[in-house]
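First up is the structure itself, then whatever we jot down about it.
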Amino acid sequence: MSRESWKIFQIMAEFVEGFERLTQIQPSVSIFGSARTAPGHPYYALTEEIARKLSDAGFSVVSGGGPGLMEAANRGAYAGKSPSVGLNIRLPMEQHGNPYQNISLTFQHFFARKVMFVKYAKAYVVMPGGFGTLDELVEALTLIQTGKSTHMPVILVHAPFWSGLLDWFRETLVHEGVIDKNDLNLLSVVNNADEVLDVIFRYYEACGFEASEAETEIKLNL
């Protein structure tokens with residue numbers, strides 16, 4: 001068999017380990033943000049606060065396991081009541097695991113890692129970040145828009161950072177007809193930790209945390 005064919009088994013192993021380790025973390029919230037934001041930055045403190053409050057409210061907190069705002073998310077959750085989960089990725093540069101992880105997995109493949117971020121999440125919290133953060137944001141929106149994932153809150157934190165992107169969504173994507181204006185309702189924009197929790201709990205007060213049979217089937221076939 002070629003090396004490409006043998007890669008199938010490595011990919012399978014990543015999915016199997018992820019499924020087995022992460023079924024125990026529900027309910028969970030995935031938090032994304034820049035790997036380049038250092039401790040002491042206001043975004044770091046805000047991310048840590050959000051994660052701590054989510055953890056104390058009963059949510060496992062899932063981050064990319066690396067430095068920057070990923071570390072802040074894990075650090076806040078690690079100090080709280082619920083598990084801190086890191087989905088690390090092997091990269092030629094930038095990524096190294098942070099020490100604030102109760103559950104730590106390491107992936108070779110971005111696509112396997114992405115499945116784990118969304119499969120068990122009850123919400124996405126998106127902090128300021130770069131290409132990787134934008135990738136996760138758009139991935140979540142695409143999955144929800146197309147019905148490949150269940151609906152859940154997708155929360156952008158710190159409105160000034162996101163205002164330009166949201167203006168482009170409205171003034172270009174909606175105007176050109178490549179998305180529907182109602183697609184913008186998939187997003188919430190907040191500025192502090194209490195607002196994050198308020199968006200999540202208001203959403204699930206309406207529909208409940210327990211997944212329906214249809215929602216379970218959707219997640220199974222993600």
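The values are calculated or read from the model by the stated rules, or taken from the named source; none is laboratory data. Computed from a predicted structure; not experimentally measured. Quick reminder, even Gly has a Cβ in these numbers, built from the backbone with ideal geometry, and neighbours come from all protein chains shown. Note: accessible area is taken over every heavy atom of the protein model, side chains too, but ligands, DNA and RNA are not part of it. Shrake-Rupley method; radii C 1.70, N 1.55, O 1.52, S 1.80 Å.
Brief remarks follow.
- Top-ranked residue of segment 138-167 - restricted to ones that are open to solvent by 50 Å² or more (accessible area, probe 1.4 Å), part of a loop (DSSP other than H, G, I, E, B) and out of contact with any Ser or Thr (no Cβ under 9 Å at 6 or more places or on another chain), ranked as farthest from ILE218 (Cα to Cα): HIS158
- Which listed residue, of VAL174, VAL178, VAL189, is β-branched (Val, Ile, Thr) and touching an Asp or Glu at 6+ places or on another chain (Cβ under 8 Å): VAL174
- Looking at LEU197, LEU184, LEU220, just one residue is modelled with pLDDT under 95, on the phi < 0 side of the Ramachandran plot and not small (Gly, Ala, Ser), and that residue is LEU220.
- Single residue of segment 173-197 satisfying the filter (assigned to a loop (DSSP other than H, G, I, E, B) and free of Cβ contacts under 8 Å to residues at least 40 places away in the same chain) that is most open to solvent (accessible area, probe 1.4 Å): HIS175
- Leading residue by the ranking (most open to solvent (accessible area, probe 1.4 Å)) among those in segment 128-137 that are within 14 Å of GLY68 (Cα to Cα) and either aromatic (Phe, Trp, Tyr) or in contact with a strand residue (DSSP E or B) (Cβ under 9 Å, 6 or more places away or on another chain) (or both): GLY132
- Flag if SER104 is open to solvent by less than 30 Å² (accessible area, probe 1.4 Å) and of a type in the set (Ser, Thr, Tyr): no
- Residue in segment 67-76 that is open to solvent by 20 Å² or more (accessible area, probe 1.4 Å) and either over 14 Å from the mean Cα position of the chain (by Cα) or farther than 16 Å from VAL126 by Cβ (or both) present: yes
- Scanning segment 4-24 for residues that are open to solvent by 50 Å² or more (accessible area, probe 1.4 Å) and at pLDDT 95 or above turns up nothing.
- Flag if ARG170 is touching a Leu at 6+ places or on another chain (Cβ under 8 Å), open to solvent by 70 Å² or more (accessible area, probe 1.4 Å), of a type outside the set (Phe, Trp, Tyr) and in a helix (DSSP H, G or I): yes
- Residues of segment 198-215 satisfying the condition of being without any contact (Cβ under 8 Å) to a residue 60 or more places away in the chain and either in contact with a helix residue (DSSP H, G or I) (Cβ under 9 Å, 6 or more places away or on another chain) or loosely packed, with under 12 Cβ neighbours inside 10 Å (or both): ARG202, GLU205, ALA206, GLY208, GLU210, SER212, GLU213, ALA214
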